[in-house]
Amino acid sequence: MTSILQQLFRVWTGYSEPSQRLFEQRLIYNWGRVEPESVRIGNIPITEVKDDTVHCISIASREKPVFVLVPAYGASGALYYKIMKPLSEKFDLYFVDMRGMGCSGRPEFLPRNRLDTEKYLLEGLELWRQKMGIEKFHLCGHSLGGYVATKYASSYKDNVLSLTLLSPAGMWPVPPNINEEFNTLLNKSGFLHSFLLKRVRNYWTFNRSPYQLLRNFGISSILFLKSYVKSYPRLEKGERKDLMRYLFQILMNRGTGELAMSYLLHPVFCLSR
């Protein structure tokens, strides 16, 4: 029965692991201009639990300082293809997807509160480090990856040489009047915008991923992503197309680790609980 449901899910959403790998490689090799022989891409098993793997893209000679980047919420390392080649000239690079997100495996998400959720994500990064045999490294986190990187650096100080944060999430306390501000925003918004904001808030309240909205629309959600990538006019036409298809694949995959968001952050995304 589970196998049948999985097949139906893949048909409805259009998710395909081979397609995910294909567009990942195209972004890195074709548009990131990184030599294929210098890159290693794979999923590292971190526990004995099925699908509990951490996806890693590495450009490393083991001769330079180690630089580890943790992507944003639901994102994957290949989305940083533009900075891979220049950074690899100075560092041994590792782009490490968060546990249960991006191209990492999708084990069942068990945490049910903030502390357990933080432990789950930090443990994923630390178990990956141990498996890779890396001792000390420069750590960088983007958005929710910045939240995780900050918590990791404070919990595993001896492992981190430096910490760099790119638009980190969860760095400020929630204002006492946040709900009133949110309602004011709803009242000022048009019908469609207000409808989407309410849906996102409801998904948060009931601990569901906002990306589930896209999965509900199945293959047709690619139209939303097509509109999104158009906001990057400097990208070449073929580059935008590959980026759109890669985003589609990682967002259509089953949501597990991305459920962490509702335990860590307020619906306004940038505010921690």
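Taken together, the values in this text are just the output of simple stated rules run on the coordinates, not laboratory data. Predicted model only: the values in this text are computed from it and were never measured. Note that we place each Cβ from the backbone using ideal geometry, even for glycine, and neighbour counts take in every protein chain shown.
Please grab the % of Cα pairs in the range 24-108 that end up more than 15 Å from each other.
Taking all Cα-Cα pairs of the range 24-108, the fraction more than 15 Å apart is 55 percent.
Percentage of Cα-Cα pair distances in the range 96-137 greater than 18 Å, rounded to whole percent?
Result: 29 percent of Cα pairs exceed 18 Å.
Filter the cross-link list Lys64/Lys85; Lys82/Lys230; Lys90/Lys157 down to pairs whose alpha-carbon distance in this structure exceeds 19 Å.
Listed pairs above 19 Å: Lys90/Lys157.
Over the Cα atoms of the range 80-224, compute the convex hull volume and normalise it per residue, giving Å³.
168 Å³
Please report the Cα spread of the range 184-273 along all three principal axes, rounded to whole Å, starting with the longest.
40, 33, 24
Which net charge results for the neighbourhood of Leu192, defined as the other residues with beta-carbon distances under 14 angstrom from its beta-carbon, given Lys and Arg at +1 and Asp and Glu at -1?
+3
Summing +1 for each Lys or Arg and -1 for each Asp or Glu, what net charge is found among the other residues whose Cβ lies under 12 Å from the Cβ of Val229?
Once all neighbours under 12 Å are counted, the net charge is +4.
Give me the Kirkwood hydrodynamic radius of the range 12-53, using the inverse of the mean 1/r over all pairs of distinct Cα atoms, in Å to one decimal.
12.3 Å
Regarding the chain, what's the average projected area of the Cα-atom convex hull, expressed in nm²?
The orientation-averaged projected area of the Cα hull of the chain comes to 15.4 nm².
For the chain, what is the relative contact order in percent, using Cα pairs closer than 8 Å and at least 6 residues apart in sequence?
Here the relative contact order equals 22 percent.
Would you calculate, for the chain, the mean residue ellipticity at 222 nm contributed by helices, counting each DSSP H stretch of 4 or more residues as -39,500 (n - 2.57) and dividing by all residues, to the nearest 500?
So the helix-based figure for the chain works out to -13000 deg cm²/dmol.
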